[in-house]
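First comes the structure, then the notes that go with it.
The values are calculated or read from the model by the stated rules, or taken from the named source; none is laboratory data. In this text, all values refer to a predicted model and were calculated from it rather than measured experimentally. FYI the Cβ positions are ideal-geometry reconstructions off the backbone, even for glycines, and counts take in every protein chain you see. SASA here: full protein model, heavy atoms, side chains in, ligands and nucleic acids out. Shrake-Rupley method; radii C 1.70, N 1.55, O 1.52, S 1.80 Å.
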4 protein chains.
Amino acid sequence: MKPVMHVEELRRFLSEGFPQVMGPESGFSVEAIGEGFVTMKLVAAERHLRPGGTVSGPTLFTLADVSAYVAILAHIGPVALAVTTNMSINFLIKPPPGTLEARASILKLGKRLAVVEVAISGEDDGTTVCHAVATYSIPPTREAKDGAGNIAVK
Amino acid sequence: MKPVMHVEELRRFLSEGFPQVMGPESGFSVEAIGEGFVTMKLVAAERHLRPGGTVSGPTLFTLADVSAYVAILAHIGPVALAVTTNMSINFLIKPPPGTLEARASILKLGKRLAVVEVAISGEDDGTTVCHAVATYSIPPTREAKDGAGNIAVK
Amino acid sequence: MKPVMHVEELRRFLSEGFPQVMGPESGFSVEAIGEGFVTMKLVAAERHLRPGGTVSGPTLFTLADVSAYVAILAHIGPVALAVTTNMSINFLIKPPPGTLEARASILKLGKRLAVVEVAISGEDDGTTVCHAVATYSIPPTREAKDGAGNIAVK
Amino acid sequence: MKPVMHVEELRRFLSEGFPQVMGPESGFSVEAIGEGFVTMKLVAAERHLRPGGTVSGPTLFTLADVSAYVAILAHIGPVALAVTTNMSINFLIKPPPGTLEARASILKLGKRLAVVEVAISGEDDGTTVCHAVATYSIPPTREAKDGAGNIAVK
């Protein structure tokens, strides 16, 4: 399963298309793209924490959702239309503040549905603090052009 | 399954304990408490929307999580320590902006685990736009005092 | 959401199409069809139990899956092709042997995906012992003929 | 995370304790135990198939559940009491008949809850056909003796 976008392309597409979530202030960034996966980072700021100083559930949900979405995007091209239909998320350990790393691995990339697994860990010790599996509905037409005008159909 | 807190008690406890999530600016409010359930409302503001004007996934996740947590709290008293361990959430229809209503119904309230189902609908037509089932771990000791100093053990 | 099949039609279709699961020896039976839901029964026999005499997990999974499938069938007609893509199932209480009742309620019936919630309870006291939410992929063409040769498209 | 049982110990314990599920006729077998994981095999027989010759949903559910249970057992010793509380299972591709391999990896092994991820693939090509994440409740006392009378507490 080969990606069809480079990291830089993906970053540009995301910061233009989703400035609130992926803009320079957001804390979210794409780190790497590989065959069937992407890795992302979140530098957790004050607004991402809950009382007690641990990263909040909605922040972990957002990181899992964004990472899975980006993994699909990286492999089908910038169609920007895959829609989350289900996520099952397990909160394993309360994550400390600081940088979190998410690795989103594609389990299935079908014509209509994609299923992606996401493991989130603290940057230091690699222990998985949160694990999610999400399903995305892919719209009927997957033909789309990337920023350079190339067709990016898988 | 009888609740052990009144709406006013619950509101006071939440706005004091969780000012960011449940304060007057948050948009979230407890509407009603009944046997085995609570209902909550969210008046979705600009920050709850995603591009296109629909309520964002993280906002729906937060509403489901808060409603389920409040349902447990209302039935075991203000222990404030139940921890989300799993949520499976289905996004059924993109919800329009405006007011959303969540009904959280307790499926199981055990000594160690609680399972709560949440249906979220638009205020107008009652169609379920999002559905979630969440599991919470309840800490070993459930003895706790409410604001008035009464023991609130179930 | 109006059903398009009667109980008798549904029973005949199922026992012909799925003799192992729905034949007279199977223990499974369709009880009722209503707007947006069906109810089914399982008379649990020796082979449905695990050590200790409670109904086994795979049996509860099967009852949830069959009930959800039948609910979709009852509302889109005998296309017999909806495929389970995801199920999140919560085991709440170990169910005693005897008759179990499942109520499958359709949360969403889209062109491509259906989401169904299933609550399983013991016949006597109505306590929910198991709860599941399942997603089904519906094949592109939903046109199909029932046993009598009528088109049964919703 | 080091296992506390050897493959032979585990096989003996399972075939004595769960003869229906793990006996020589069952088709299920433990293949390997490692740090934080086990692998199991299922040789799918006629009774594991559904119409069309693919392995049935309940069979995949059973394989996922048994593998996750065995992974926990291998790491906490033969307490035999961990109870499935939730499973979210994704059916990715219809598996052909033949031998299936399940790899169950422990995501969390707490005092009260364990969370295990299971990937099921066909023996030949290694493509994941089914993926599940399951939560187990672990009873208060985890002290237990193995067949040889040794305490096997983690």
Practice problem: Give me the pairs, please: first residue somewhere in the stretch B:88-107 and within 14 Å of chain C (Cβ to nearest Cβ), second residue anywhere and surrounded by 15 or more Cβ atoms within 10 Å (Cβ to Cβ) and part of a loop (DSSP other than H, G, I, E, B), beta-carbon distance under 7 Å, and either six or more positions apart or on two chains. | Solution: B:K94/B:T54; B:P95/B:T54; B:S105/B:G36; B:I106/B:G36; B:L107/C:L92
Quiz item: Which of (1) closer than 30 Å to C:A82 by Cα; (2) in a helix (DSSP H, G or I); (3) modelled with pLDDT of 95 or more does D:A71 not meet, given it meets every other one?
Solution: (1)
Quiz item: What number of residues in the stretch D:26-74 are within 14 Å of another protein chain (Cβ to nearest Cβ), among the hydroxyl-bearing types (S, T, Y) and in contact (Cβ under 8 Å) with a residue 12 or more places away in the chain?
Solution: 5
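Within the stretch B:57-79, can you find the residues that are farther than 18 Å from B:I138 by Cβ and open to solvent by less than 20 Å² (accessible area, probe 1.4 Å)?
Step one: filter the stretch B:57-79 for residues farther than 18 Å from B:I138 by Cβ, giving B:57-64.
Residues satisfying the conditions are B:G57, B:T59, B:L60, B:F61, B:L63, B:A64.
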Quiz item: Which residues, counting only those in the stretch B:74-114, are touching a Cys at 6+ places or on another chain (Cβ under 9 Å), within 25 Å of C:I93 (Cα to Cα) and of a type in the set (V, I, T)?
Solution: B:I89
Quiz item: Just for the stretch D:14-54: of the residues that are more than 28 Å from C:F18 (Cβ to Cβ), part of a strand (DSSP E or B) and of a type outside the set (A, V, I, L, M), which one is nearest to the chain's Cα centre (by Cα)?
Solution: D:T39
Exercise. Only one of these is closer than 24 Å to D:C130 by Cβ and of a type in the set (F, W, Y): C:F61, C:F37. Name it.
Key: C:F61
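Which residues, counting only those in the stretch D:80-112, are aliphatic (A, V, I, L, M), farther than 18 Å from D:P3 by Cα and crowded, with 19+ Cβ neighbours inside 10 Å?
Within the stretch D:80-112, the first condition is being aliphatic (A, V, I, L, M), and the residues that meet it are D:80-83, D:87, D:89, D:92-93, D:100, D:102, D:104, D:106-107, D:109.
Filter once more, so that each one left must be farther than 18 Å from D:P3 by Cα: D:83, D:87, D:89, D:92-93, D:100.
D:M87, D:I89, D:L92, D:L100 - these are the residues of the stretch D:80-112 that are aliphatic (A, V, I, L, M), farther than 18 Å from D:P3 by Cα and crowded, with 19+ Cβ neighbours inside 10 Å.
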Exercise. Output the residues belonging to the stretch B:11-34 that are within 16 Å of B:T62 (Cα to Cα), β-branched (V, I, T) and open to solvent by less than 50 Å² (accessible area, probe 1.4 Å).
Key: B:V30
